[in-house]
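J.: Below you'll find the structure I mean.
The values are calculated or read from the model by the stated rules, or taken from the named source; none is laboratory data. Only a predicted model underlies this, so the values are computations on that prediction, with no experimental measurement involved. Here the Cβ is made from the backbone with ideal geometry for all residues, glycine too, and neighbour counts use every protein chain on show.
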Amino acid sequence: MLWIIGLGINGAKGISLHALDILKTCDKIFIERFTSQLTDSDIDELHDILYGQNKGNQIIKIVPRWYVEDGREILSMSSNEIIAILTYGDPFIATTLNELYVRAVKNSIQTGIIHAASGLTSLIGETGLHLYKFGRTVTVMSDPQSCISVYNIVHDNLKSGNHSLILTEYSNINNDNSPFFLDPKKVFQMLKEIETDVKYNVFTNDTFVIVASRIGSIKQNIIAGKIESLKDFDFGNGPHSIIVPGILHFTETDALRILSKIIDEPIDNSKLIYDISRSMVEKYIPKAKEALEQMRNYINKKSNQNEKINEGIYNVIENAEYYLYDAERFFIQKKMELSILSIGYAEGLIDSLRYQWGINPWS
């Protein structure tokens, strides 16, 4: 049998009584700490809880990432023995363990899952932000190339007014055998370099961010402010996560003021970004309305000069007006693609009159 067990966010102290009962029945216990940090003291404490001073019964083994991803030996042993694999947080936040679970079920291996507190939901709750207002989550690595996708995902989230959760790189083995945590200041620096090229106002000195560090530990810290205000701040050891808020409800703003160390007043970052679709709509609706008005005036002038005007021409003008009305309505609803499509239909009708009458209402 294979047990996949979450330890929660408080190390050995967070393990459930049910999980402890299960672990005492296991033939082998594996611990992975490549998804997030489990310290040596956490593992020693777990040893003491399970075995006390009887060190001869130790069956806990720390395994590297490749061993879990390969999974063949774990699955093979699980066919004949009771095996447990322990992980920080909730086990299925890590896709590696989810994939191992699928393979076990596919091979008819009996499985059991014990869920626990997740670092992701915990840090969101600690900030006081609303979970359902978060868009896509993304991870930033020390490689500057990873920042391109981070920048784009945050931009897309902000377009919808959503918050963005950025997880920062963690490695359980540094050059000096200590854990590596990517510093938020380095993240800000890399993302501002992307901003220099893209210029969508996603990561500027005025962008308001929240940095949550070491959530679940006695040294947890949450600090919020503009990037400019945080650029020299010492965030200490990790793990760190960064939140880029979108539209903030007043209860979220109040919670941030009370639960976090605030350097600058919270702001709606979605109002700062440059949105290509929105900019196009804001530019083209007035132009199309002006062109349509010029065309209408021209047709009315011809009619006043007793020229015979086909009734269908007025229908074309009316339909173009309807399309521009739809474009404005979609714009208010933040349905930019539909708004642009409606503008295109209106412009097509205006151009049909333009070619029929030989005038240019766009000039």
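J.: Say whether the condition of being out of contact with any Phe, Trp or Tyr (no Cβ under 9 Å at 6 or more places or on another chain), loosely packed, with under 15 Cβ neighbours inside 10 Å and without any contact (Cβ under 8 Å) to a residue 60 or more places away in the chain is met by at least one residue in the stretch 157-172.
T.: Among the residues of the stretch 157-172, not one is out of contact with any Phe, Trp or Tyr (no Cβ under 9 Å at 6 or more places or on another chain), loosely packed, with under 15 Cβ neighbours inside 10 Å and without any contact (Cβ under 8 Å) to a residue 60 or more places away in the chain, which makes the answer no.
J.: Filter the stretch 112-122 for residues that are over 14 Å from M1 (Cβ atoms) and touching a Pro at 6+ places or on another chain (Cβ under 8 Å); which is surrounded by the most Cβ atoms within 10 Å (Cβ to Cβ)?
T.: If we take residues in the stretch 112-122 being over 14 Å from M1 (Cβ atoms) and touching a Pro at 6+ places or on another chain (Cβ under 8 Å), then G119 is surrounded by the most Cβ atoms within 10 Å (Cβ to Cβ).
J.: What do you reckon, is G119 without any contact (Cβ under 8 Å) to a residue 24 or more places away in the chain and under 19 Å from S260 (Cα atoms)?
T.: Spelling it out, it is not the case that G119 is without any contact (Cβ under 8 Å) to a residue 24 or more places away in the chain and under 19 Å from S260 (Cα atoms).
J.: Taking the conditions exactly as written (buried (at least 20 other Cβ atoms within 10 Å of the Cβ), of a type in the set (V, I, T), in contact (Cβ under 8 Å) with a residue 60 or more places away in the chain and out of contact with any His (no Cβ under 9 Å at 6 or more places or on another chain)), does I109 satisfy them or not?
T.: no
J.: Can you find a residue that is assigned to a helix (DSSP H, G or I), closer than 30 Å to I223 by Cα and assigned by TED's automatic domain parsing to the domain that holds D27 anywhere in the stretch 96-118?
T.: Looking for residues that are assigned to a helix (DSSP H, G or I), closer than 30 Å to I223 by Cα and assigned by TED's automatic domain parsing to the domain that holds D27, one finds none in the stretch 96-118, hence no.
J.: Please work out which residue is nearest to A19 (Cα to Cα), limiting yourself to the stretch 80-104 and to residues that are surrounded by fewer than 20 Cβ atoms within 10 Å (Cβ to Cβ) and over 30 Å from the mean Cα position of the chain (by Cα).
T.: Ranking the qualifying residues of the stretch 80-104, first place goes to I82.
J.: Any idea which of E311, E347 is in contact with a helix residue (DSSP H, G or I) (Cβ under 6 Å, 6 or more places away or on another chain), among the acidic types (D, E) and more than 30 Å from T196 (Cα to Cα)?
T.: E347
J.: Just need a number here: residues in the stretch 204-242 that are among the hydroxyl-bearing types (S, T, Y), part of a loop (DSSP other than H, G, I, E, B) and under 28 Å from A12 (Cβ atoms).
T.: Number of matching residues: 1.
J.: Counting only residues that are in contact (Cβ under 8 Å) with a residue 40 or more places away in the chain and in a helix (DSSP H, G or I), which one in the stretch 246-260 is surrounded by the most Cβ atoms within 10 Å (Cβ to Cβ)?
T.: So, considering only residues that are in contact (Cβ under 8 Å) with a residue 40 or more places away in the chain and in a helix (DSSP H, G or I), the one surrounded by the most Cβ atoms within 10 Å (Cβ to Cβ) is L256.
J.: State yes or no: is I9 closer than 11 Å to Y88 by Cβ, of a type in the set (V, I, T) and surrounded by 14 or more Cβ atoms within 10 Å (Cβ to Cβ)?
T.: Yes, satisfied.
J.: If only one of I9, I62, I82 is among the β-branched types (V, I, T), under 20 Å from G238 (Cβ atoms) and touching a Ser or Thr at 6+ places or on another chain (Cβ under 8 Å), which one is it?
T.: Only one candidate qualifies: I9.
J.: Return only the number of the condition from (1) surrounded by fewer than 15 Cβ atoms within 10 Å (Cβ to Cβ); (2) assigned to a helix (DSSP H, G or I) that I153 does not satisfy.
T.: Every listed condition holds for I153 apart from (1).
J.: From I299, I359, which residue is touching a Phe, Trp or Tyr at 6+ places or on another chain (Cβ under 8 Å), assigned to a loop (DSSP other than H, G, I, E, B) and surrounded by 12 or more Cβ atoms within 10 Å (Cβ to Cβ)?
T.: I359
J.: Would it be correct to say that T207 is of a type in the set (S, T, Y), closer than 20 Å to I148 by Cβ and over 19 Å from the mean Cα position of the chain (by Cα)?
T.: The answer is no for T207.
J.: Only residues that are over 28 Å from S279 (Cβ atoms) and touching a residue at least 60 places away in the same chain (Cβ under 8 Å): list them for the stretch 307-356, please.
T.: If the condition is that a residue be over 28 Å from S279 (Cβ atoms) and touching a residue at least 60 places away in the same chain (Cβ under 8 Å), then no residue fits.
J.: Further, regarding this structure: Could you please find all residues in the stretch 307-363 being at pLDDT below 90 and among the small types (G, A, S)?
T.: G312, S352, G358, S363
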